[in-house]
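**Q** Shown below is the structure under consideration.
The values are calculated or read from the model by the stated rules, or taken from the named source; none is laboratory data. Just so it is clear, the model here is predicted, and its values are computed rather than measured. Because the Cβ atoms are built from the backbone with ideal geometry, glycine has one as well, and the counts that use them run over all protein chains shown. Just the protein is used for accessible areas: all its heavy atoms, side chains included, with ligands, DNA and RNA removed. Shrake-Rupley method; radii C 1.70, N 1.55, O 1.52, S 1.80 Å.
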Amino acid sequence: MPLSETPATTAVIRSRRVVLPDGERPADVLIRDGRIEQIAEHGSLLAGSRSDIGGGLTDLGDTALLPGLVDTHVHVNEPGRTEWEGFATATRAAAAGGVTTIIDMPLNSIPPTTTVDGLAAKRKIADGQAWVDLGFWGGAIPGNVADLEPLHREGVFGFKSFLAPSGVDEFPHVEQADLELALAEQARIGALAIIHAEDPAVLEAAPQQPGVHYRDFLASRPDDAEAAAVARLLDTARRTGARVHILHVSSAAVLPLLRQARADGVQVTAETCPHYLTLAAEEVPDGDTAFKCCPPIRDESNRDQLWAALAAGEFTAVVSDHSPSTPDLKLLQKYGGSGDFAAAWGGIASLQLGLPAIWTEARRRGHSLSDVVRWMSSGPAALVGLTGTKGVIAVGCDADLVAFDPDGEFAVHAEDLHHRNPVTPYAGKTLTGSVRTTWLRGRVVDVDAAPFGRQLTRN
Ligand SMILES: [Zn+2]
């Protein structure tokens, strides 16, 4: 009997491949009132010995059971730019992709989440349209230092700043003086600063050649832009004592700077994204602006260096940076656009595809499902302080679970995704690894039924 039809609050999920914090093994997972109550030997529960388990058994056989993914980098864009992506469409896509918690970025919505009122507007409109659990980042922009502590008290998970223009006018980037103020305040209140690190001076000095050639776009956002910004950020973090997290690292030139800063005792973590790990500049077709994001997807040798760093534990998280827009703003040629990389909206739509995209490449490179879970579930959960609730299959944690067939292949059709707009650079690719079922706090998520996602605050 499927769990969704089960009124009882206890149930067992059985799999020969349960991905636990200490590795993969056969097990029975007992769920009670939305939490994991017990992890028992495979086949041991419901053998007639326990009369208190009323909710039935779901036996997954060889299909793996993973903790739900925690995606700490999602741009939902509602209210204000809901035609780009909204809470209903984003969280349905998340659930279908095995993501059970998202943390929403503070920009591209109008208002942005830079004031308590902005946060309230987000929370109000998200209410009743979240198919997965949902938290919010705040934003640190020029002039809002006084808003950070009130937002922190309201439970945002930290504050995002841009060191270069963000792409939207209502979320300006911070100059060095603003950055100093923001990081000093965040050190004082104990907040996590999350940073888009590209240096505006390096970007301005780079060659600007508009058009359909990806190489020209790549030259306009050089490795140095990331390296210079990260170096400046780390220096500021060192002086202010702030805890900083580098968002969406695309350039391997950043890696030695991170290693040195950690050796020096700077509190710094970093993330990268599925598109930097699975796509490469060499394969981007002329005019296919679905691949445009900032910082950009770089070449194959750079990608190999990112994988080596990931394998070495240098990235805390692999998260989507899902940042869609409408097809017209992407200037996609198949919708009659110019295909000009310089003018197109920069953002990758991939929320539903991160897990299979990463698994396809990870398996090819000899990694395990446990690795993927560390990068996409437990790592990001730890980043935002949700360890103990989310991101692991362990007693006491929320029963946020994913039945994942590691051998299931499928072709990506952008129109079939739950994303609001049918645009993704993975369109036409064949990926390995299918999400069969997603459970949120022990209940099967049905994207056609009423949502029961909750809004989360920082612990
Ligand atoms: Zn982003």
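**Q** Got a sec? Which of 338, 323, 370 is of a type outside the set (A, V, I, L, M), surrounded by fewer than 17 Cβ atoms within 10 Å (Cβ to Cβ) and in contact with a strand residue (DSSP E or B) (Cβ under 9 Å, 6 or more places away or on another chain)?
**A** Just one listed residue meets the conditions, 370.
**Q** While we're looking at this one, here's another question. Condition test on residue 259, is it more than 16 Å from the ligand (Cβ to nearest atom), more than 23 Å from residue 71 (Cβ to Cβ) and either assigned to a helix (DSSP H, G or I) or open to solvent by 10 Å² or more (accessible area, probe 1.4 Å) (or both)?
**A** Criteria met by residue 259.
**Q** Continuing with this model, one more query. Looking at segment 285-308, which of the residues that are over 21 Å from the mean Cα position of the chain (by Cα) and of a type in the set (Gly, Ala, Ser) is least open to solvent (accessible area, probe 1.4 Å)?
**A** 287
**Q** I'm told residue 203 meets every condition in (1) farther than 30 Å from residue 333 by Cβ; (2) open to solvent by less than 50 Å² (accessible area, probe 1.4 Å); (3) not hydroxyl-bearing (Ser, Thr, Tyr) except one. Can you identify the failing condition by its number?
**A** Only one criterion in (1) farther than 30 Å from residue 333 by Cβ; (2) open to solvent by less than 50 Å² (accessible area, probe 1.4 Å); (3) not hydroxyl-bearing (Ser, Thr, Tyr) is unmet by residue 203, namely (1).
**Q** Could you please find all residues in segment 423-440 being more than 19 Å from the chain's Cα centre (by Cα) and open to solvent by 30 Å² or more (accessible area, probe 1.4 Å)?
**A** If the condition is that a residue be more than 19 Å from the chain's Cα centre (by Cα) and open to solvent by 30 Å² or more (accessible area, probe 1.4 Å), then 427, 428, 429, 430, 436, 437 are the ones that fit.
**Q** Next question, about the same structure. If we scan segment 114-122, do we find a residue that is under 27 Å from residue 269 (Cα atoms), more than 16 Å from the ligand (Cβ to nearest atom), in contact with a helix residue (DSSP H, G or I) (Cβ under 8 Å, 6 or more places away or on another chain) and not in a helix (DSSP H, G or I)?
**A** Yes.
**Q** May I pose another question? I'd like the full set of residues that are small (Gly, Ala, Ser) and surrounded by 24 or more Cβ atoms within 10 Å (Cβ to Cβ), limited to segment 387-415.
**A** Those that are small (Gly, Ala, Ser) and surrounded by 24 or more Cβ atoms within 10 Å (Cβ to Cβ): 391, 399.
**Q** Looking at (1) more than 16 Å from the ligand (Cβ to nearest atom); (2) within 24 Å of the chain's Cα centre (by Cα), find the lone condition where residue 221 falls short.
**A** Checking residue 221 against (1) more than 16 Å from the ligand (Cβ to nearest atom); (2) within 24 Å of the chain's Cα centre (by Cα), the one that fails is (1).
**Q** Could you please let me know if residue 448 is of a type outside the set (Lys, Arg), away from the ligand (no atom under 16 Å from the Cβ), without any contact (Cβ under 8 Å) to a residue 40 or more places away in the chain and open to solvent by 20 Å² or more (accessible area, probe 1.4 Å)?
**A** Yes, satisfied.
**Q** Being over 23 Å from residue 202 (Cα atoms), more than 16 Å from the ligand (Cβ to nearest atom) and crowded, with 21+ Cβ neighbours inside 10 Å narrows it down to one residue among 242, 227, 311; which is it?
**A** Being over 23 Å from residue 202 (Cα atoms), more than 16 Å from the ligand (Cβ to nearest atom) and crowded, with 21+ Cβ neighbours inside 10 Å holds for just one of 242, 227, 311, which is 242.
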